[in-house]
Structure formats: C-alpha cells, structure tokens
Amino acid sequence: MGNDTHQIFVTAALELMEEHGMETPTIRAVCTRAGFARATFYEYFKDRETLTAAVVDRLVSDIVRALVDVDRPGDLAAVVQNFAMAIAGNHRLLSGTKHWRLRHTLAACENSELVQTGYVRMLEDARHKLKEHVVAGQRERRIRDDIAADTIAGMLLGLAYGAIALISLGYPVNQSEAAEGLMKLLSAPQASQPNA
C-alpha cells in the first residue's frame, strides 16, 4: 500500500504539472487530486522538491520504457523506429505539453540539485539500456563493432536528446529519413559476396 500511495501522489503531481506547469501546483492541490490528506503527503515526501524529483524520475522512466524496451534484445532498429514513431505521433512524452516543455525540466534541474541528480541518473539508465542493445546487436553482427558499444549508446542518447530539444522548439524533424540514415550508419557492413 505504501508504494501505491507514493505512486498516486506522483501521478497526481505529474498530471497537474502537465496541465499547469511544473511550478504551479501546490502541495494542497496535489493532495486534493490524489485524494489524501496533507499529513499523508509528508509520510512519503520531505517537501515539494522531493515530489518534483519523483515526478521527473517517473517521466524519464516512462520515456525510456516506451522507447528502449523492445521484444528482442539487440533490436536497435526497433528502438530507433519507436523513437521515430513517437516523434511522428507528437507523443507527449517527447513533445511535452503546453505548460511543460524540456526547458522547464532543465530549469528544475538548475534550481534543484536533487532533481538534477535524479535526472542524470535516469539518463544514465537509458544509456545503459541502449548499450545492452548495441552489445547484443554487435554480437549478432547486425551493428558495426568498430566503434565501442558505450560510445554508440552515448551518441544515440545525445541524438535523441537533441531531437527532443528541436521538437520542443517547434523545429521540423523528418523522423523517417533520420531513422533510416541512422541505421545505415550503425549497421554492420555486409560481407562481400564472392564473384560468380
């Protein structure tokens, strides 16, 4: 029950922040949305900062799960395709909402070491998951192995983050061409065929 209650508060805060912005919802408003008394809130969170950190953790983990978790380990093409489809569909996890964009998350990180630490930790988790896919793909000779798996994972994370920033600015991104080009760059070269 304890973890469930914690998640109810996080969900309530996430909904309110998406509707009104990260700074607007008060603890009272979060408690009302969650359906719990203020005293219960303090059983799970020290203050609003710890709540904000938990919300950002949830948001990033949702993004990672939606994009990186695929059925087949090493299926980097599926991961890239997930990302492209999320861009094409203007998925709220990537594009944000009217009142909560990437810049607001970065501002929250700048204002709170706790939020920033959690955010960086979640990005590292995403990089680790990407690396696992790259390693599996290299083992199956589907992903080029002349570049270290960790380096490729870091590049993918940087590209994804840059794409999210462009989307946040309203800059047009041709997701299908980008996905196709990226996989061409990452795919292992085909073995040369012997002359007939």
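The values are calculated or read from the model by the stated rules, or taken from the named source; none is laboratory data. Source: prediction; values computed, not measured. When we count neighbours, we look across all protein chains shown, and the Cβ atoms used for this are built from the backbone with ideal geometry, even at glycine.
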* Structure fact -> For region 10-28, pairs from a residue that is farther than 18 Å from V60 by Cα to a residue that is aliphatic (A, V, I, L, M), with Cβ under 7 Å and 6 or more apart or across chains, are P25/A13; P25/L16; P25/M17
* Return a yes/no flag: does region 144-155 have any residue that is under 17 Å from M85 (Cα atoms) and assigned by TED's automatic domain parsing to the domain that holds I63. => no
* To do: Select from region 135-154 the residues that are under 15 Å from L182 (Cα atoms) and in contact (Cβ under 8 Å) with a residue 60 or more places away in the chain and list them in ascending order.
  => G137, R142, I143
* Test E43 against the criterion of being at pLDDT below 95, among the charged types (D, E, K, R) and out of contact with any strand residue (DSSP E or B) (no Cβ under 7 Å at 6 or more places or on another chain), and give yes or no. => no
* Asked: Out of R28, R33, R103, which single residue is modelled with pLDDT of 85 or more, closer than 20 Å to L159 by Cα and basic (K, R)?
  -> R103
* Could you grab the pairs with beta carbons closer than 8 Å, sequence gap of 6+ or different chains, first residue in region 103-114 and closer than 18 Å to G162 by Cα and small (G, A, S), second one crowded, with 18+ Cβ neighbours inside 10 Å and modelled with pLDDT under 95? => A107/M22
* Asked: Among the residues of region 25-40, is there at least one that is within 20 Å of L123 (Cβ to Cβ) and either surrounded by fewer than 16 Cβ atoms within 10 Å (Cβ to Cβ) or more than 13 Å from the chain's Cα centre (by Cα) (or both)?
  -> no
* Can you find even one residue in region 170-185 that is closer than 25 Å to H20 by Cα and either out of contact with any His (no Cβ under 8 Å at 6 or more places or on another chain) or modelled with pLDDT of 90 or more (or both)? -> yes
